[in-house]
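Asks: Got a structure for you, written out below as structure tokens; questions coming shortly.
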Amino acid sequence: MTFPPIKQIIHQKPAFPGLIISGILLCGLLMQEYLLGRFPVIFEEEYLLQDFWIAVIHCLLAGYLPSAYLFLLRGTRNTFEGLKNVLEPVTDPSYVNSAVRFKKRDLIVWGLLGVLFAVLLPYQTATSPWDPSTWHPEVVWHRVLEPFIGWWAGWFFGAVWITSMRTSRLATRIKSVDLLDLSPLSPFVKQGLLTTLLTVGMVSIFSLLLLDPGEWPVVARAYVGSLLIALVGFWLPMRGVHRRIHEIKEAELKWTREKIHQSEALLHSGSPDSPPGQIADLAAHLQLIEDVQEWPFESLTIVHVLAYLLIPLLSWLGGLLIESLLEIIFTI
């Protein structure tokens, strides 16, 4: 029996690395708490329970971000593949892979910026967060995992920006746009929705920190910032195709108005070259083109985006419910 290479498994199942990472980390955390006899202590002291909960969230983020990054790469490849039929003939054999090819220098810069942010963030709620003498066993997990989480967050958000820009620039290579059927442009919309969903997934895990009132200022800033990034991530891949649709629509409207003016001139001059009903047909065509949306999605897509943005709130409410249940269980 032969097993597929690890690289192939990761490509086909981007969730696999995240599940493995989070699973190992959570098992390690629980094993530490058991061996050190920390469970009776943390459930007696509220601040220790909060630190344990924050450590659990760090374990989840440490697994989620690598998988989110890999999901984004796979989704971008699928977007480029799905747009082949509407673009000018593609002669570059590495066209699909080029969508997710990054310079090593960029990856290093993104990672270091993420680590810097992760190192500075704890200063929002602690005076000496990197003083090891102030760490108890649960806080050790925070400080050890924060640079790792920061590195992958930097890669993820850097990839969001680059892949969104590359997807947007594809609009300049579109062969033609049928204003009455924008469905072939749906891969642009799917790329925006994917970016939004992956960003919101990270925010949903991060929002569980709201259960600790001391973390509210940090979480509130990160929450608002991430949601803004999610909205930008939805808009950015479609910016180019929106501009292309707008240009083609304006050109069609200009042509139709010119035809209407020509037909009116023939009608007023009494020329027999003016076909009956032509002006009415052109006016109907003009109205039809004016009603064409300049974004390649329907109103239902906006509903999906709004539903995505509600996921962190539902995650927070679920966390409150779990915390309440645990308090009831351990007070019995």
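The values are calculated or read from the model by the stated rules, or taken from the named source; none is laboratory data. What you are looking at is a predicted structure, and each value in this text was computed from that prediction instead of being measured. No Cβ is skipped: glycine too gets one built from the backbone with ideal geometry, and neighbour counts run over all protein chains shown. Note: accessible area is taken over every heavy atom of the protein model, side chains too, but ligands, DNA and RNA are not part of it. Shrake-Rupley method; radii C 1.70, N 1.55, O 1.52, S 1.80 Å.
Asks: Accessible surface of Ser204 in the full protein assembly, 1.4 angstrom probe, to the nearest 10 Å²?
Replies: Accessible surface of Ser204 is approximately 10 Å².
Asks: So how much slack lies between Ser128 and Asp106, counting 0.36 nm per residue of separation and subtracting their Cα-Cα distance, in nm?
Replies: Additional length available on full extension: 4.8 nm.
Asks: Of all the accessible heavy-atom surface of the range 109-150, with the other protein chains kept in place and a 1.4 Å probe, what percent is carbon and sulfur?
Replies: Summing carbon and sulfur atoms, their accessible area is 73 percent of the total for the range 109-150.
Asks: Can you run phi through the Karplus equation (6.51, -1.76, 1.60; θ = phi - 60°) for the range 70-76 and list ³J(HN,Hα) in whole Hz, with x for Gly and Pro?
Replies: Once θ is set to phi - 60°, the couplings for the range 70-76 become 5, 4, 5, 5, 5, x, 5 Hz.
Asks: Please list, by residue number, every one of the trypsin sites (Lys or Arg not before Pro) in the range 95-190 that is coil in DSSP and has at most 11 other beta-carbon atoms within 10 Å.
Replies: Of the trypsin sites (Lys or Arg not before Pro), the ones in loops of the range 95-190 whose Cβ has at most 11 other Cβ atoms within 10 Å are Arg101, Lys103, Lys175.
Asks: Just to check, using Stokes-Einstein with a Kirkwood Rh over alpha carbon pairs, what's the diffusion coefficient of the range 61-213 at 25 °C and 0.890 mPa s in µm²/s?
Replies: Taking Rh from Cα pairs, D becomes 139 µm²/s.
Asks: For the range 51-59, take each phi angle, set θ = phi - 60°, evaluate the Karplus expression 6.51 cos²θ - 1.76 cosθ + 1.60, and give the result in whole Hz per residue in order, putting x for glycine and proline.
Replies: Working through the residues one at a time gives 5, 5, 4, 5, 5, 4, 5, 4, 4 Hz.
Asks: Skipping prolines and chain starts, which residues have an amide H placed within reach, meaning under 5 Å, of the one on Leu87, given they are 5 or more residues away or on another chain?
Replies: Result for Leu87 returns Lys175.
Asks: For the range 181-190, take each phi angle, set θ = phi - 60°, evaluate the Karplus expression 6.51 cos²θ - 1.76 cosθ + 1.60, and give the result in whole Hz per residue in order, putting x for glycine and proline.
Replies: Rounded to whole hertz, the list is 8, 9, 4, x, 8, 4, x, 4, 5, 4.
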